[in-house]
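What follows is a set of notes on a single structure, which appears directly below.
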Amino acid sequence: MDNLSEALEKLKLASTDSATDSVESCLDCLLKALANNNTEASVKIQEMGILPLLPTLLNPQSSCTPKVANIIAEVAKNEFMRSPCVEAGLIPPLIQLLNSTDQEVLLQTGRALGNICYDSHSLQAQLINMGVIPTLVKLLGIHSHNTALTEMCLIAFGNLAELESSKEQFASTNIAEELVRLFQKQTEHEKKEMIFEVLAPLAENDVIKLQLVEAGLVECLLEVVAQTVDGEREEDIAQLKTASDLMVLLLLGDESMQKLFEGGKGSVFQRVLSWIPSHNHQLQLAGALAIANFARNDGNCIHMVDTGIVQKLLELLDRHVEEGNVTVQHAALSALRNLAIPVVNKSKMLSAGVADVVLKFLQSEMPPVQFKLLGTLRMLIDTQAEAADQLGTNGKLVERLVEWCEAKDHAGVMGESNRLLSALIRHSKSKEVVRTVIQGGGVKHLVTMATSEHMIMQNEALVALGLIAALDLVAAEKDFVGANLVSVLHKLLSDERSAPEIKYNSMILICAVMGSEPLHKEVQSLAFIDVVSKLRAHENKTVSHQASLTEQRLTAQS
């Protein structure tokens, strides 16, 4: 340490008269001390006030510059030294050095900046604002043969790409081409992993997704999958997962997805299809998720259903009734749900037996699977009266839905259960379905659903309740009273925030329940006539007209 103190004193003097030889020997001493005991040496450097001297030593023309940058990089390994480095004004001269042609200067400068800004989003954002991204991308292109420099750039990209503000800058460079070119040259697992770690956050940006597809990344990923699919080594399994996950991520962009779909004739789309019957769970998962992503527009969905994709997904699901891989179940159900959205697909999918296979997962205790199962059935029965009738009279299904309507820990499952319960009634318009729901204890949940914060759910509930009242008021009367239906309707009509559709359907329902003596009495006791008469002046003509009709009905039966 005495040697270090002496070297630091000499450095103070030497830096003022720019005596290169003595500066260099002092720097060597500092580097040696940092190598022996980094923390202690760093503390000494700070105490002796050396950091503020270093900006002047970061001279692009000086032979000392790589060593100075190296010292900064070593010092900044310590968290407590990073703020002092920033305060000493080291960042601007380091950024200037990124324009150097000296590879050692570039390497040490990159290390220094990376260590100073490590784990600090604000400092990383500062680097982005100072334009380091285009500079680093350019360096990667020029020095791709230099392994150390390449790794430095990749580490920097990995850190910076996590920040949303970086994506736009990356998108304006040729980063996609550079990374794909670099990836194609790699043979080592570790190097590929480093590139993957940069690609994943970058591929979250839709513009960069398309650039990566155009640069040929998909072909690289398919090659990795082909090479590792039968591998049993840990690194093969890891690469297969990373490559197939990244493939799915690229398909989340609308433009990149359509480019790869190519009207259903794309070689990439065909390769992905071949993953679904695979014996590898990771590939089955990626294949099903890819289909779910391709099924994000009606044209693609119609084409896929017409070319037999549903059968492949059903076979996959059938395998997982027993194997029970939850992620594969969830992904396959997601794909079926998306495929069921276009009206023309619904009857075809029902004929293919989709509902029967989906119902096999009714006993699942996994909320993600429950959620997708419910969504798939709801999409399938939309406008399909016969299917809604068949499912709505399935006592086991209705019983499970009622159970899930109380899944307060899983809001998504609870919401979808309510919506499917309502949909079974609305699309079947069947007295048998209504009776099954009443017997299963579903009415109270539909009344609660009418108070949802989501207008679409409120509306669906009110329409279903209106059908229950119209088709079997006698059987529903007790549940309507027990669930305080009339009180709920009074609140909806009195609330100025209620949408016109909600007010309209609430009044329709009021008229429908008037045939029940106990409900009629509740309507009278809550002075509905006052609320309804105010609505005659409603700006929405349909609401004001219904208010007049409802008022007449209330007056006639008072």
- Query: Is it the case that some residue within the range 328-337 is open to solvent by 10 Å² or more (accessible area, probe 1.4 Å), of a type in the set (Lys, Arg) and either under 25 Å from Gln227 (Cβ atoms) or touching an Asp or Glu at 6+ places or on another chain (Cβ under 9 Å) (or both)?
  - Reply: no
Ala125 meets each of (1) over 28 Å from Lys44 (Cβ atoms); (2) of a type in the set (Gly, Ala, Ser); (3) out of contact with any Ser or Thr (no Cβ under 7 Å at 6 or more places or on another chain) with one exception, condition (3)
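Rundown of residues vs (1) closer than 17 Å to Asp230 by Cβ; (2) surrounded by fewer than 20 Cβ atoms within 10 Å (Cβ to Cβ); (3) modelled with pLDDT of 90 or more, yes/no style:
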position: Leu252; (1), (2), (3): no, yes, yes
position: Leu260; (1), (2), (3): no, no, yes
position: Gly264; (1), (2), (3): no, yes, no
position: Ser267; (1), (2), (3): no, yes, no
position: Leu273; (1), (2), (3): no, yes, yes
position: Asn280; (1), (2), (3): yes, yes, yes
position: Gln284; (1), (2), (3): yes, no, yes
Filter the range 150-181 for residues that are in a helix (DSSP H, G or I) and among the hydroxyl-bearing types (Ser, Thr, Tyr); the one that is farthest from Val198 (Cα to Cα) is Ser165
Checking Lys348, Lys360 in turn, the sole residue that is open to solvent by 60 Å² or more (accessible area, probe 1.4 Å), touching a residue at least 40 places away in the same chain (Cβ under 8 Å), among the charged types (D, E, K, R) and more than 20 Å from Leu285 (Cα to Cα) turns out to be Lys348
(1) of a type outside the set (A, V, I, L, M, F, W, C); (2) open to solvent by 40 Å² or more (accessible area, probe 1.4 Å); (3) touching a residue at least 12 places away in the same chain (Cβ under 8 Å); (4) within 28 Å of Gly412 (Cα to Cα) all hold for Glu496 apart from (3)
How many residues of the range 315-335 are part of a helix (DSSP H, G or I) and out of contact with any Leu (no Cβ under 8 Å at 6 or more places or on another chain)? The answer is 10
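Conditions tested, residue by residue: (1) surrounded by 17 or more Cβ atoms within 10 Å (Cβ to Cβ); (2) modelled with pLDDT of 90 or more; (3) assigned to a loop (DSSP other than H, G, I, E, B); (4) touching a His at 6+ places or on another chain (Cβ under 9 Å).
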residue	(1), (2), (3), (4)
Leu30	yes, no, no, no
Ala41	yes, no, no, no
Ile45	yes, no, no, no
Leu53	yes, no, no, no
Gln61	no, no, yes, no
Lys77	no, yes, yes, no
Arg82	yes, yes, no, no
Gln96	no, yes, no, no
Scanning the range 411-456 residue by residue, the ones that are open to solvent by less than 30 Å² (accessible area, probe 1.4 Å), part of a helix (DSSP H, G or I) and over 19 Å from Val358 (Cβ atoms) total 9
Subset of the range 337-359, residues part of a loop (DSSP other than H, G, I, E, B) and more than 13 Å from Leu313 (Cβ to Cβ), comes to Ile341, Pro342
Checked Ser417, Ser428, Ser422 against criteria (touching a residue at least 24 places away in the same chain (Cβ under 8 Å), touching a Gly at 6+ places or on another chain (Cβ under 6 Å) and closer than 25 Å to Val343 by Cβ); the one match is Ser428
Checked the range 363-392 for anything open to solvent by 10 Å² or more (accessible area, probe 1.4 Å) and more than 24 Å from Val344 (Cα to Cα); matches are Gln363, Ser364, Glu365, Met366, Pro367, Pro368, Gln370
**Prompt:** Is it true that His281 is touching a Pro at 6+ places or on another chain (Cβ under 7 Å) and either acidic (Asp, Glu) or within 16 Å of Val248 (Cβ to Cβ) (or both)?
**Reply:** no
Checking Leu336, Leu350, Leu314 in turn, the sole residue that is at pLDDT 95 or above and within 22 Å of the chain's Cα centre (by Cα) turns out to be Leu336
Here, helices (runs of 4 or more DSSP H) confined to the range 365-406 with at least 1 residues that are closer than 19 Å to Val305 by Cβ are 367-381, 385-392
Among Cys220, Cys153, the single one that is under 30 Å from Gly89 (Cα atoms), at pLDDT 90 or above and open to solvent by less than 20 Å² (accessible area, probe 1.4 Å) is Cys153
Among (1) part of a helix (DSSP H, G or I); (2) open to solvent by 20 Å² or more (accessible area, probe 1.4 Å); (3) touching a helix residue (DSSP H, G or I) at 6+ places or on another chain (Cβ under 7 Å), Ala288 falls short only on (2)
Within the range 109-145, residues open to solvent by 70 Å² or more (accessible area, probe 1.4 Å) and of a type in the set (D, E, K, R) come out as Asp119, Lys138
Flagged in the range 515-542 as surrounded by fewer than 20 Cβ atoms within 10 Å (Cβ to Cβ), aliphatic (A, V, I, L, M) and touching a residue at least 12 places away in the same chain (Cβ under 8 Å), in numbering order, are Leu526, Ile529
Note on Ile72: of the conditions (1) buried (at least 18 other Cβ atoms within 10 Å of the Cβ); (2) over 26 Å from Leu149 (Cβ atoms); (3) not aromatic (Phe, Trp, Tyr), unmet is (2)
| query | Does the range 474-489 contain at least one residue that is under 20 Å from Ile425 (Cα atoms), among the polar types (S, T, N, Q) and open to solvent by less than 80 Å² (accessible area, probe 1.4 Å)? | reply | no
Here the residues within the range 203-247 that are in a helix (DSSP H, G or I) and either touching a Lys or Arg at 6+ places or on another chain (Cβ under 6 Å) or of a type in the set (Lys, Arg) (or both) are Lys209, Val213, Leu222, Lys241
Apart from one, (1) surrounded by 22 or more Cβ atoms within 10 Å (Cβ to Cβ); (2) under 40 Å from the mean Cα position of the chain (by Cα); (3) of a type in the set (A, V, I, L, M) all hold for Ala469; the odd one out is (2)
| message | Looking at the structure I just gave you, is Val463 open to solvent by 50 Å² or more (accessible area, probe 1.4 Å) and among the hydrophobic types (A, V, I, L, M, F, W, C)? | response | yes
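The values are calculated or read from the model by the stated rules, or taken from the named source; none is laboratory data. Model, not experiment: these values are computed from the prediction. We place every Cβ from the backbone using ideal geometry, glycine too, and count neighbours over all the protein chains shown. Protein only, heavy atoms only, side chains kept; ligands, DNA and RNA dropped before computing areas. Shrake-Rupley method; radii C 1.70, N 1.55, O 1.52, S 1.80 Å.
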